[in-house]
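Data first, discussion second: the structure below is written as structure tokens.
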Amino acid sequence: MKRIAPLDARQLPLLFDAPAIAPTSPRAAPASPPGARRLAVDPEPIHYTLRRARRRSIGFTIDDRGLTIAAPRWVSLAQIEAAIAEKQRWIRRKLAEYREWQARQPLQRVHFADGGTVLLLGREVTLRLRPGAERTQLADAGTGAELHLALPPQAGEPQVRDAVLALLKSEARRVLGERLRLLAARQAAQPRSWSLSSARSQWGACTHDGHIRLNWRLVQFSVAVIDYVVAHELAHLQEMNHSPRFWKAVGTLLPGFEAARDEVKKLDLAALPI
């Protein structure tokens with residue numbers, strides 16, 4: 001089994017310490033989701049959704065749907081509710097923290113149609129449907145950057161989304177590859193290989209045998225953010241930990257990385273609209 005030292009997006013913000021956190025853009029929750037239950041405990045009842053899963057222990061997840069309990073089939077309902085009651089102070093605190101976090105998030109949704117916008121290298125790019133275009137390409141319209149999509153005006157949202165994601169991933173491979181080569185030249189230890197990742201929990205990861213994975217969604221952010229994540233993973237080629245020697249290696253690769261690290265801490269990968 002490969003040993004991996006990841007840059008975990010859920011750990012970076014240090015907002016939650018639940019075993020599984022899956023924040024999403026704020027949306028109205030279903031009135032009565034399957035498995036919805038209510039546990040009467042003081043000072044007020046705890047509402048939760050029960051999901052039976054193939055796992056060894058009871059898991060607690062807090063997201064925009066509230067509290068979800070994942071439990072093995074062999075654990076009784078009485079045991080599950082006893083565990084909830086035992087952890088009720090922790091649950092209430094985390095629910096409150098999540099609501100506060102959610103209130104700070106902008107309503108994020110990409111409108112995949114003519115006039116919609118996406119982020120590329122920290123800049124807002126406007127989507128334009130151009131049926132006469134030979135291919136999807138970036139253009140400077142004078143008033144701002146545009147992404148010209150070789151699609152008819154009646155193209156549906158799924159078709160536009162596919163074209164946009166294809167372009168973003170292509171740019172991610174090009175830009176992240178360039179930054180990786182540039183920063184890797186600053187140290188002796190070199191990656192064996194690298195690839196794009198679509199993970200919703202990690203900006204990047206480095207395996208013990210020298211393979212680096214970089215999340216394609218990084219291409220939406222500034223070069224400073226990209227360079228920090230790349231340097232973070234390259235430093236793991238020297239130190240598979242987060243010791244003082246590791247951070248010294250990051251600083252050697254990218255002097256003054258702290259500002260970009262602070263920016264990454266504020267980003268929530270799991271809540272990005274795409």
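The values are calculated or read from the model by the stated rules, or taken from the named source; none is laboratory data. Keep in mind the model is a prediction, meaning the values are calculated, not measured. Neighbour counts run over all protein chains shown; Cβ positions are idealised from the backbone, glycine included. What goes into the accessible areas is simple: the full protein's heavy atoms, side chains included, and nothing from ligands, DNA or RNA. Shrake-Rupley method; radii C 1.70, N 1.55, O 1.52, S 1.80 Å.
Quick look at the values:
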item	result
Residues of the stretch 236-274 that turn out to be of a type in the set (Lys, Arg) and over 25 Å from Gly122 (Cβ atoms), as a count	2
Residues of the stretch 217-258 satisfying the condition of being open to solvent by 30 Å² or more (accessible area, probe 1.4 Å), within 25 Å of Arg174 (Cβ to Cβ) and part of a helix (DSSP H, G or I)	Val223, Ala224
Criterion (more than 22 Å from His208 (Cα to Cα) and either without any contact (Cβ under 8 Å) to a residue 60 or more places away in the chain or in a strand (DSSP E or B) (or both)) met by exactly one of Arg179, Arg128	Arg128
For Leu214: the one exception among (1) surrounded by fewer than 14 Cβ atoms within 10 Å (Cβ to Cβ); (2) within 25 Å of Asp268 (Cβ to Cβ); (3) in contact (Cβ under 8 Å) with a residue 24 or more places away in the chain; (4) not acidic (Asp, Glu)	(1)
Cβ-Cβ under 7 Å pairs, at least 6 apart or on other chains, the stretch 246-274 side on the phi < 0 side of the Ramachandran plot, far side of a type in the set (A, V, I, L, M) and open to solvent by 50 Å² or more (accessible area, probe 1.4 Å)	Ala260/Ala224
Boolean, Ala260 is within 18 Å of Leu180 (Cβ to Cβ) and at pLDDT 95 or above	no
Positions within the stretch 182-202 being over 20 Å from Phe257 (Cβ atoms) and either aromatic (Phe, Trp, Tyr) or in a strand (DSSP E or B) (or both), in sequence order	Ser193, Ser195, Leu196, Ser197
Residue selected from the stretch 46-76 under the condition loosely packed, with under 11 Cβ neighbours inside 10 Å and at pLDDT 90 or above, by the criterion nearest to Ala271 (Cα to Cα)	Arg73
Top-ranked residue of the stretch 142-163 - restricted to ones that are hydrophobic (A, V, I, L, M, F, W, C) and in a loop (DSSP other than H, G, I, E, B), ranked as nearest to Val110 (Cα to Cα)	Ala155
Residues that are farther than 14 Å from Ala172 by Cα, of a type in the set (Ser, Thr, Tyr) and under 12 Å from the mean Cα position of the chain (by Cα), drawn from the stretch 185-216	Ser201
Residues satisfying the stated conditions in the stretch 77-100, i.e. over 14 Å from Val41 (Cα atoms), open to solvent by 50 Å² or more (accessible area, probe 1.4 Å), more than 19 Å from the chain's Cα centre (by Cα) and of a type in the set (Lys, Arg)	Arg93
Members of the stretch 50-72 found to be of a type in the set (Val, Ile, Thr) and under 24 Å from the mean Cα position of the chain (by Cα), listed by number	Thr61, Ile62, Thr68, Ile69
Single residue of the stretch 109-136 satisfying the filter (more than 19 Å from Phe221 (Cβ to Cβ) and open to solvent by less than 70 Å² (accessible area, probe 1.4 Å)) that is nearest to the chain's Cα centre (by Cα)	Phe112
Identity of the residue in the stretch 167-179, under 19 Å from the mean Cα position of the chain (by Cα) and open to solvent by 60 Å² or more (accessible area, probe 1.4 Å), that ends up nearest to Thr117 (Cα to Cα)	Lys169
